[in-house]
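Undergrad: Can you keep this structure in mind? I'll have questions shortly.
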Amino acid sequence: MERTVVRCADGHVFTAASFPMQQAERLGPGRLLRCPRCARLRSVVPVTLQKQ
């Protein structure tokens, strides 16, 4: 199972085991997931990792 690095609406960064990456035209790339830091359902978006 692929893990994706995501950021919640409060700015917490964590990994999600299954994050559907299909993009609906009006919904955008965000999904609702439970954030492990604040323990609430939050809108999350994938984080773009920069190579150094």
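Bear in mind these aren't lab numbers, they're just calculated from the coordinates by the rules spelled out. The structure displayed is predicted, hence computed values, not measured ones. Cβ coordinates were reconstructed from backbone atoms using ideal geometry, including for glycine residues, and neighbour counts include every protein chain displayed.
Undergrad: How long is the gain from R40 to T4 if the chain were fully straight, where each residue apart is worth 0.36 nm and the alpha carbon distance is subtracted? Walk me through the numbers on the way to the answer.
TA: Details: separation 36, 0.36 × 36 = 12.96 nm, distance 1.87 nm.
Contour length minus Cα-Cα distance gives 11.1 nm.
Undergrad: Within a Cβ distance under 10 Å of C8, other residues only, what is the Lys/Arg minus Asp/Glu net charge? Present the calculation step by step, with values, prior to reporting the outcome.
TA: Values: positive: R7, R34, R37, R40, R42; negative: D10.
Residues near C8 contribute +4 overall.
Undergrad: Can you give the FRET efficiency for K51 and V13, using 1/(1 + (r/R0)^6), R0 = 22 Å, r = Cβ-Cβ distance, to the nearest 0.05? Write down the numbers at each step before the final one.
TA: Details: r = 17 Å, r/R0 = 0.77.
Step by step, r from the Cβ atoms, then E = 0.80.
Undergrad: Report the net charge of residues surrounding L32, where surrounding means a beta-carbon distance below 13 angstrom and charges are Lys +1, Arg +1, Asp -1, Glu -1. Please report the intermediate quantities before stating the final value.
TA: On the way: positive: R31, R34, R40, R42; negative: none.
In short, +4.
Undergrad: Next question. Among residues other than A17 whose Cβ falls under 9 Å from its Cβ, what is the net charge (Lys/Arg +1, Asp/Glu -1)?
TA: Values: positive: R3; negative: E2.
Once positives and negatives cancel, what remains is 0.
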